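The values are calculated or read from the model by the stated rules, or taken from the named source; none is laboratory data. Because the structure is a prediction, the values reported are computed rather than measured. All Cβ positions, even for glycine, are placed from backbone atoms using ideal geometry, and neighbour counts span all protein chains on display.
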Amino acid sequence: MPSRYWKHQCPGKSAFWTASSRRCECGNPMVYDGWRNSRFDAMAWHQKSHGLKPIGPHRMLENRMFAGTSKGCESCSARGYFDAPGGRTFEVCPKCEGAGYLSTVTEETRSALRAEVLAEFPEAEASSDLPNPAFSVIIQDLGRNVMIAKPMPRNG
């Protein structure tokens, strides 16, 4: 499930985002910055779109092979979500479905790239048949280095 994030920039440092609204150690307040995928959500989206494990020795090759095959979703500014009225929850971006990015290549090209990675690292294979991570509980199976998504009931 995505989380609310706050942004801050300490004087003289780079900006950073956090899931905590507490004041920064420098004493300045955080500024609300909307909903984003957590690290586990991002790993689930990665597995869902590539059909490869989100971590492992194959990632250097995978990163090279898949470079430029997606772009940030312009509709949601690459966040995947919008504040729902009242701000207590989120609405999923209808264009990217919550991923925050869109593929720039065909599914056939994506499958061919995946096959090239698997030819060198067959153990990198992972199921891409995950439910939408935005509406799922995400679990990281550390033994197999895969993400598991369990759908949550939705109201309305």
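Numerical summary
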quantity: Flag if Thr104 is of a type in the set (S, T, N, Q), surrounded by 12 or more Cβ atoms within 10 Å (Cβ to Cβ) and touching a residue at least 24 places away in the same chain (Cβ under 8 Å); calculated: no
quantity: Top-ranked residue of the stretch 73-101 - restricted to ones that are among the small types (Gly, Ala, Ser) and surrounded by 14 or more Cβ atoms within 10 Å (Cβ to Cβ), ranked as farthest from Ala44 (Cα to Cα); calculated: Ser75
quantity: Residue that is of a type in the set (Gly, Ala, Ser), free of Cβ contacts under 8 Å to residues at least 24 places away in the same chain and within 24 Å of Ser3 (Cα to Cα), where the choices are Ala99, Ala78, Ala119, Ala44; calculated: Ala78
quantity: The stretch 43-88, subset over 30 Å from Pro122 (Cα atoms) and among the aromatic types (Phe, Trp, Tyr), residue farthest from the chain's Cα centre (by Cα); calculated: Phe82
quantity: Of the criteria (1) in contact with a Lys or Arg (Cβ under 7 Å, 6 or more places away or on another chain); (2) assigned to a loop (DSSP other than H, G, I, E, B); (3) not polar (S, T, N, Q), which one Val137 fails; calculated: (2)
quantity: Selection within the stretch 35-83 - part of a loop (DSSP other than H, G, I, E, B) and farther than 22 Å from Val137 by Cβ; calculated: Gly56, Pro57, His58, Ala67, Gly68, Thr69, Cys73, Glu74, Ser75, Cys76, Ser77, Ala78
quantity: Residues being at pLDDT 95 or above and β-branched (Val, Ile, Thr) - total across the stretch 114-137; calculated: 1
quantity: Within the stretch 14-29, tally of residues that are within 18 Å of Phe90 (Cβ to Cβ) and either part of a loop (DSSP other than H, G, I, E, B) or polar (S, T, N, Q) (or both); calculated: 4
quantity: Which numbered condition Met30 fails, given (1) surrounded by 16 or more Cβ atoms within 10 Å (Cβ to Cβ); (2) within 28 Å of Leu142 (Cβ to Cβ); (3) aliphatic (A, V, I, L, M); calculated: (2)
quantity: Single match in Arg4, Arg36 (criterion: on the phi < 0 side of the Ramachandran plot, modelled with pLDDT of 85 or more, more than 12 Å from the chain's Cα centre (by Cα) and surrounded by 15 or more Cβ atoms within 10 Å (Cβ to Cβ)); calculated: Arg4
quantity: Cβ pairs under 6 Å, 6+ apart, first in the stretch 128-156 and free of Cβ contacts under 8 Å to residues at least 40 places away in the same chain and of a type outside the set (Val, Ile, Thr), second surrounded by 12 or more Cβ atoms within 10 Å (Cβ to Cβ) and in a loop (DSSP other than H, G, I, E, B); calculated: Pro151/Pro131
quantity: Residue list for the stretch 119-156, restricted to those being among the hydrophobic types (A, V, I, L, M, F, W, C), under 24 Å from Met65 (Cα atoms) and exposed (fewer than 12 other Cβ atoms within 10 Å of the Cβ); calculated: Ala119
quantity: Residue count, the stretch 7-30 (criterion: hydrophobic (A, V, I, L, M, F, W, C) and within 22 Å of Ala99 (Cβ to Cβ)); calculated: 2
